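The values are calculated or read from the model by the stated rules, or taken from the named source; none is laboratory data. What you see is a predicted model, and the numbers here were worked out from it, not measured in a lab. Here Cβ is always computed from backbone atoms with ideal geometry, including for glycine, and neighbour counts include all displayed protein chains.
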C-alpha cells in the first residue's frame, strides 16, 4: 500500500472508530439507565456515563500507560458501580486494580490466561473460587474480557460484579469494546505520526547533494577573497542544515520556515550572483501560522534549480504570503524556463517528476488538513512557474514544536523582471 492509500485507509478507520465509540457509549447509557429507576436518576446516569467515558477517552490517547490505566479503572468502577475493576497486560500481569476483593486476582490468574490464549470472554462464578471471606465477600461474578486491537490481545479487562446474570456481562462487553476502539485509535494516531516522519525523511533525502557540494565550494572560494562573507555564509549553511535535520517536531511556524528559506536563498545568491534576484513579500498577520515542517522550502529549491538555473541571464524568485481571512495564501513564483502544463500529470508520481516532491507536499497537506487544500500550479513554456497553496490559520492539535534559531540578516531585495502574463494553471494531482 502506498503512502496515499495508507493515509486514506487511516482516515477511514479513524472515522469508523469514532462511530464505534458513539455506539459503545449509547449502549452503556442504555444498560445503566435500565438499572435505575425512572425520573431524575436517568438524567444523572446519562450525565455520569458521558463524563466518565469522555475522560477515559482522553486518558487512553497514549495507550495503556500506567497513569492512564490507574485513572481508567477508577472511573470504570465509578461508572459500573461494581465490586472491582482491574486490567492486566497481555502476559496476565496485573497493571491496575480498584475496588474490593483484590485477593481474588490470584484465583483468576488461570482464567485470565485462558482468555488471552482463546481471545474470548471468560465468566467465573464466585462459587467456584476459594474465599476466606465468603460471608462478607460481595463478589458474585468475575467477567474477564480480552482487549483485542488489530487481532492481537493488548490487555485483559476484569469486572467483578455483585450479581450473577447477563447484565454484568453485557456491561463488561460494552466497556471492553469502548476501550478496544480507543486503543485502536491511539495506534492509528501513532501510525499517522510515523507516516509524517517518513515523509519528512523523504524530503530530507531529496535535499540536493549538489546544493551541499556547491554551497561548500562557494564558501571555500570566498575564504581568501572575502573571509567575512565566507564566515557569514558558513553560519547560514550550518543553521540551514540544523533546521532541515532537526530531530524534534513535525510542525513549524511560517516565520521559521521563511527564515530557513532566507538562508537557502542567501547561499544560492552567493553562488549565482546577479543571476538570482529574490523578492519576499510577507504579511505580518500570517507569520505565526503553523504549517508542516519543510513544506515551502522544496518549492523554493525547485524554483532555483529548475526555473532560474536553466535560463540564460537568470531571473527572479518571489515568495509571498498574504492574509486571506481564515486562511493564509502562500506562493512561490519564478520567471524561469517554465514547463509544458501537460507534464503536470506526471507529477502524480513524485518519483517520476523532475521537481522535488510536489505530490509528496500535496499528500502532506491532505494529511494535516483535508482534500480541499491542494497545490495550484501555474506554468507555461518560457513563462516561469507559480505554485500556490492555502492553509488554514488554525487547526486543532497542530502546534509548532521546535527550537528557535537567531534571525538571519535579511536578504537584499534586488530588481525584479516582468513575468510573462500567459500561463496555464492546474492543480497537482493527489
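Brief remarks follow.
Listed here are the residues, each with its yes/no results for (1) within 25 Å of residue 183 (Cβ to Cβ); (2) out of contact with any strand residue (DSSP E or B) (no Cβ under 6 Å at 6 or more places or on another chain).
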residue	(1), (2)
70	yes, no
90	yes, no
96	yes, no
100	no, no
107	no, yes
120	yes, yes
127	no, yes
152	yes, yes
160	yes, no
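- Looking only at residues of segment 192-211 that are at pLDDT 65 or above and surrounded by fewer than 14 Cβ atoms within 10 Å (Cβ to Cβ), we find that the one that is farthest from residue 63 (Cα to Cα) is 210.
- Residue within segment 151-161 that is under 22 Å from residue 79 (Cβ atoms) and surrounded by fewer than 15 Cβ atoms within 10 Å (Cβ to Cβ) present: no
- Verdict on residue 273 being buried (at least 20 other Cβ atoms within 10 Å of the Cβ) and assigned by TED's automatic domain parsing to the domain that holds residue 323: no
- Qualifying residue in segment 284-293 (condition: touching a helix residue (DSSP H, G or I) at 6+ places or on another chain (Cβ under 9 Å) and within 24 Å of residue 315 (Cβ to Cβ)): no
- If you filter segment 134-171 down to residues that are without any contact (Cβ under 8 Å) to a residue 60 or more places away in the chain and assigned to a helix (DSSP H, G or I), you find that the one that is nearest to residue 91 (Cα to Cα) is 169.
- Residue match in segment 99-109 (condition: part of a loop (DSSP other than H, G, I, E, B), out of contact with any helix residue (DSSP H, G or I) (no Cβ under 8 Å at 6 or more places or on another chain), more than 19 Å from residue 184 (Cβ to Cβ) and at pLDDT 85 or above): yes
- Taking the numbered list (1) part of a loop (DSSP other than H, G, I, E, B); (2) closer than 21 Å to residue 74 by Cα in turn, residue 130 passes all entries but (2).
- Any hit, segment 257-269, residues being within 22 Å of the chain's Cα centre (by Cα), modelled with pLDDT under 90 and buried (at least 19 other Cβ atoms within 10 Å of the Cβ): no
- Verdict on residue 220 being over 24 Å from residue 290 (Cβ atoms) and modelled with pLDDT under 70: no
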